[in-house]
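Colleague: Input: one structure, supplied below.
The values are calculated or read from the model by the stated rules, or taken from the named source; none is laboratory data. What you see is a predicted model, and the numbers here were worked out from it, not measured in a lab. Cβ sites come from the backbone with ideal geometry, for glycine too, and all protein chains shown count toward neighbours. Heavy atoms of the whole protein, side chains included, go into the accessibility calculation; ligands, DNA and RNA do not. Shrake-Rupley method; radii C 1.70, N 1.55, O 1.52, S 1.80 Å.
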Amino acid sequence: MWFLSKKGASGSSANSTAEEVTQGIDGSALTAIVTGASSGIGAETARVLALRGVHVIMGVRNISAGKQVKEAIIRDVPQAKIDAMELDLSSLASVRNFASTYNSFGLPLNLLINNAGIMATPFTLSKDKIELQFATNHVGHFLLTNLLLKTMKRTASQSRKEGRIVNVSSRRHKFSYHEGIRLDKINDQLGYNGLSAYGQSKLANVLHANELARRLKEGGVEITANSLHPGAIATDLFRQHSIISGIVNILGKHVMKNVQQGAATTCYVALHPDVKGVSGKYYSDCNIAETSPQAKDTELAKKLWDFTMSLVD
């Protein structure tokens, strides 16, 4: 349980909040994209980054909800530099449109927070005929990252500031299908399990960050890529499971993190100076943590990269 946790090497613990772990950090020279920023830890991440002076672009599926969150953040942080743009991670066309529009603005990009996600949905195919959780949680973010990488590289070079890519994964990455990533069965409805498919997509987030980190280091690029577990948080991710949702509503505030605590690790990895130069790592409670053996499989990471490239080409 989060309230029984001890502080780690970073000096933070599971009950630390995003504001606490970024206290005193000046992000006024930075620009960030946060996906899934219209609710939950995405909205709190956007708020705290804006509080620290970062220019935040919220990538949101529901632009009306995104504008409401933007207005709420400005009321809380009057000096906030924040914008909302439509982005549906389950649609490759939407991802391409978002990236093309953003790149056309000529804005810098220092931080990319791949936060948006769905959890344990019934078997569904995306508009691009890809299992919905894998499409939304992994494929969409993979394409988005690739399309924005040129802008991030240019920003890092011109500003002489390290760029950071942060994939919000989950501890559930340890509970994927036994194969890890079902490269030849992504759309297999017969063997589909909602929670295992969620675990698979979260494992993909870790593997993506690890392989990206390797490629960026190999290319001598001053951009890091890390993944993280935000913690068990009482958010609407549980909406697909009425029983689990009911339990969360009753017990959540006692045994789960709130969104302020849930956004802490994301904000820490995105902004904290102690993370400078750290890449290809997995964080939990603002400290480097252990992943599953599958998440350390470099060959699986390379195979996933090639497989995902074939899906987005």
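Colleague: Determine the dipole magnitude for the chain: charges of +1 sit on the beta-carbon of Lys and Arg, -1 on that of Asp and Glu, nothing else is charged, the reference point is the Cα centre, and the result goes in debye to the nearest 20.
Modeller: 280 debye
Colleague: Stretched out fully, how many nm does the piece from residue 183 to residue 276 gain, at 0.36 nm a residue minus the Cα gap?
Modeller: Gain in length upon complete extension: 30.1 nm.
Colleague: Related question: If you roll a 1.4 angstrom probe over the protein chains with everything in place, what fraction of the accessible area of the chain belongs to carbon and sulfur, to the nearest %?
Modeller: The value for the chain is 51 percent carbon and sulfur by accessible area.
Colleague: Still on this structure: How large is log10 I(q)/I(0) at q = 0.22, 0.27 Å⁻¹ when the Debye formula is applied to the Cα atoms of region 68-135, each weighted equally and without solvent?
Modeller: Debye intensities relative to I(0), on a log10 scale: -1.07, -1.20.
Colleague: Sticking with this one: In µm²/s, what is D for region 20-141 at 4 °C and 1.567 mPa s, where D = kT/(6 pi eta Rh) by Stokes-Einstein and Rh is the Kirkwood radius from Cα pairs?
Modeller: The diffusion coefficient I find is 88 µm²/s.
Colleague: Under the rule of -39500 (n - 2.57) per DSSP H run of 4 or more residues, summed and divided by the residues of the chain, what mean residue ellipticity at 222 nm is obtained, to the nearest 500 deg cm²/dmol?
Modeller: Roughly -13000 deg cm²/dmol at 222 nm, from the helical runs in the chain.
Colleague: Under a cut-off of 24 Å between alpha-carbon atoms, report the lysines in cross-link reach of residue 129, not counting same-chain residues fewer than 8 places apart.
Modeller: Cross-link targets: 185, 202, 302, 303.
Colleague: Projecting each Cα onto the charge dipole of the chain (Lys/Arg +1, Asp/Glu -1 at the beta carbon, about the Cα centre), which of 141, 102, 78 comes out farthest on the positive side?
Modeller: 78
Colleague: With charges only on Cβ, +1 for K and R and -1 for D and E, what is the dipole size of region 1-146 about its Cα centre, in debye, rounded to 20?
Modeller: Its charge dipole is roughly 60 debye.
Colleague: In whole angstrom, note down how far apart the Cα centers of region 186-218 and region 1-60 are.
Modeller: With region 186-218 and region 1-60 each reduced to a Cα centre, they are spaced 24 Å.
Colleague: Ignoring the sites themselves, what is the longest stretch of the chain with no trypsin sites (Lys or Arg not before Pro) in a DSSP loop and at most 12 other beta-carbon atoms within 10 Å?
Modeller: 7-128
Colleague: While we're here: Computed from the mean reciprocal separation of all distinct C-alpha pairs, what Kirkwood hydrodynamic radius does region 139-202 have, in Å?
Modeller: Kirkwood hydrodynamic radius for region 139-202: 14.0 Å.
Colleague: Could I ask something else about it? Before I look further, what does region 1-124 give for accessible area per residue, probe 1.4 Å, in whole square angstrom?
Modeller: That works out to 42 Å² for each residue.
Colleague: Report, by chain and number, residues whose modeled amide H sits under 5 Å from the one on residue 81, excluding near sequence neighbours (fewer than 5 apart, same chain).
Modeller: Here 56 satisfy the definition.
Colleague: Treating the Cα atoms of region 18-66 as identical point scatterers in vacuum, please give the log10 of the normalised Debye intensity I(q)/I(0) at q = 0.13 Å⁻¹, two decimals.
Modeller: For region 18-66 at q = 0.13 Å⁻¹, log10 I(q)/I(0) is -0.28.
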